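What follows is calculated from the coordinates using simple rules that are stated; it is not laboratory data. Remember, predicted model here, so these are calculated numbers, not experimental data. Every residue, glycine as well, gets a Cβ built from its backbone with ideal geometry; the counts of neighbours run over all protein chains shown.
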Amino acid sequence: MNRRNFLRLGSGAIALGSGVFALPLPAGAATDYRALVAIMLNGGNDGMNTLVPLDATRYAQYKAVRGTLALSTTSESSRTTGPLVPVLGGGWGLHPRLAALQKYFDAGSLGGVLNVGPLARPTTRSQFASWRSLSTPNLLPESLFSHSDQQKLWENGVALADTSSVGNTGWGARAADALGAPIYSFGGNSRFGTGASGSALILPGPGINMADMVSSVTLVTDYVPGQKLTAASKLMMESPRANSVQMNALAALRKAGLAAVDALGPTVKATPGSGAYAAIDSAFTASYMTSASATATAYSQDLGQQLYQVAKMIANHAAIGGARHVYFVSLGGFDTHNGQLATQAALLSQLGIGLASFMSAMNMLGLASSVTACTMSDFGRTFKPNNGGGTDHAWGNFQLVAGGAVKGGALYGTAPDYTLGGANDAGIDSWEYQGRWIPTTSVDQYAATLLSWLGLSASQLLTVFPNLANFTSRNLGFMNA
């Protein structure tokens, strides 16, 4: 392909990510708008210190096993270890840095899902003991306790070593495809947003002018997807002969990208103080206490800025078009093998403040019942700490679900037996008793409950989640109709 042929395709290339392209922007406002926001906590958030049982028996078990990592009901100035924030009538406690979420738990718009993780089918401890050496993928998820594999399985929603079109895609993208909906990411590329024919449109943070990303040949930017697309474009231009298939593919990519610049550019660029989104700005610049002597705003933090972008998109959904939207954001750093108390506290500050600000914005916009946010993470962490002041990779985990349509103020699923070597411990030999909980709820059930609310039919859910048929209960009941 020569330079002249390339330039005939237009005067620029928008950075959409390596190997992904924008879904066509739908037209028209929706009267029954709904949006799902997936929050990926990369590295494996410690759910055992995110939600802590405060009944006398289990809290005593918790303190005995957790030792120096145990959180307390006693206040301390850094809010690293206490006080636990009581919810559910004092039966459970949120991590001290999630205090901003207490009022939403109490108001019934935030709930928790217990001991959820990738499963191919319901699995007991005795079955796990029998199956774990068989390498039979229709029985157990592949590569348990591995970051990359468990991130993939959480975002993929299949829990098998599946190389089919379903196995190579994410449940967010498959749902968007089934609904004819767009999917957007402010958290970079992910399996969650990877589809068979189209994938998430990866958008930048606030203050960035998307039009500045458009360039004929050279694109000077720190935005990594832009660098990759420019490099690919140059390679195509330098091909020894014209390739019409490549040219047409690039033309379609750039057409969608330029349409995205026109439709989304002003929304993406807006920052607090611009005047365009006053309610959202006030929510994301509100100060929240992080310790006795410090405060922070959501907009000052990475996750908060991503959720700020999502909030603006949702506020502008009528102009963007479409009855359903899917969003992906992410926060990394949860691989806490050492120094867990301080590291997790700082990260959960971002989650607590960011999600509280997002929910506040949705309430002010009158869209709270139209938007649901859910957390995901690679896996839980061992109940028993290691020798480095941290925890190691585990399996079942606790997740949070927030929004006006959530039947909040409650926990769903089944809490694990907190006994090391007990009914839910994946350790079979005594030296393995670490509290790696075998999930009692599958990712399929968790995600299917969310997608049922978003609008997928029972038959569509079985297509999106092939293993859902292995579970008797396919809706956990934490969403209103």
Segments 445-452, 39-46, 314-321 sorted - mean Cβ within 10 Å per residue, highest first: 39-46, 445-452, 314-321
Euclidean distance between Cα centres, the range 32-67 to the range 323-383, Å: 12 Å
FRET efficiency, 1/(1 + (r/R0)^6) with R0 25 Å, evaluated for residue 300 and residue 55 via beta carbons: 0.10
Rg over Rh, two decimals, the range 244-383 (C-alpha only, Kirkwood Rh): 1.06
10 Å-binned pair-distance histogram of the range 347-420 (Cα, whole percent): 15, 38, 30, 14, 3
The range 285-373 - percent relative contact order, Cα under 8 Å, separation 6 or more: 33 percent
Debye equation applied to the C-alpha atoms of the range 364-481, log10 I(q)/I(0) at 0.17, 0.19, 0.20 Å⁻¹: -0.91, -1.04, -1.09
